[in-house]
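The values are calculated or read from the model by the stated rules, or taken from the named source; none is laboratory data. Just so we're clear, the structure is a prediction, and the values are computed from it rather than from any experiment. Counting neighbours? That spans all protein chains shown, and the Cβs are built from the backbone with ideal geometry, glycine included.
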Amino acid sequence: MPHPADASVTALYQELILDHYRRPRNKGALEDADAHVARKNPLCGDEIDVRLRFDGDRVADVKFGGRGCAISQASASMMTVLVRGKTAAEAQQLAERFGELLRGSADAAADARLGDARALSGVARLPVRVPCAAMAWKALEEGLRGRG
Ligand code: ZN
């Protein structure tokens, strides 16, 4: 894993963020959701809602909706890709790992389990943008707590 400060990695990460923003994954309605959490980030005007459907202990499906800055929307898109099909415990662990990434953990920034979400590691250096990146994951955690 190259160092995140490497210019080519920065460009790649920027491209990944824009790709998820322009072509969001798992965005839209989820008719038979078991949990629905909506959050707002007044600092930036971002809105995110996350809908989860569980099959036993597993996240059978996850969708998000909302609007806002590229970081907020890309982070939500990345989150849905990562947690779909995971157990609730695994999804919770990913959310905690992502929280470490946003607090500047180099270890978390290099953790392959975070997939495309590693592209948001640079947000740790922009404290005002951290809530943008965190909100979809906070909504996920709230949805996981509220299941069943
Ligand atoms: Zn934002």
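Picking from residues in the range 51-75 that are within 11 Å of the ligand (Cβ to nearest atom) and not in a strand (DSSP E or B), the one that is nearest to Leu126 (Cα to Cα) is Ile71. Given the condition under 21 Å from Gly146 (Cα atoms), β-branched (Val, Ile, Thr) and within 16 Å of the ligand (Cβ to nearest atom), answer yes or no: does some residue in the range 38-48 qualify? Yes: the range 38-48 contains one or more residues that are under 21 Å from Gly146 (Cα atoms), β-branched (Val, Ile, Thr) and within 16 Å of the ligand (Cβ to nearest atom).
Among the residues of the range 132-148, the ones that are within 16 Å of the ligand (Cβ to nearest atom) and surrounded by fewer than 20 Cβ atoms within 10 Å (Cβ to Cβ) come to 1 in all. Listed by first and then second residue, the pairs linking a residue in the range 38-54 that is more than 9 Å from Cys132 (Cα to Cα) to a residue that is among the polar types (S, T, N, Q) and in a strand (DSSP E or B), with Cβ atoms under 9 Å apart and 6 or more places separating them unless they lie on different chains, are Glu47/Asn41; Ile48/Asn41.
The listed residues are Gly115, Gly85, and the only one of them that is away from the ligand (no atom under 16 Å from the Cβ), surrounded by fewer than 18 Cβ atoms within 10 Å (Cβ to Cβ), at pLDDT 95 or above and under 27 Å from Ala7 (Cβ atoms) turns out to be Gly115.
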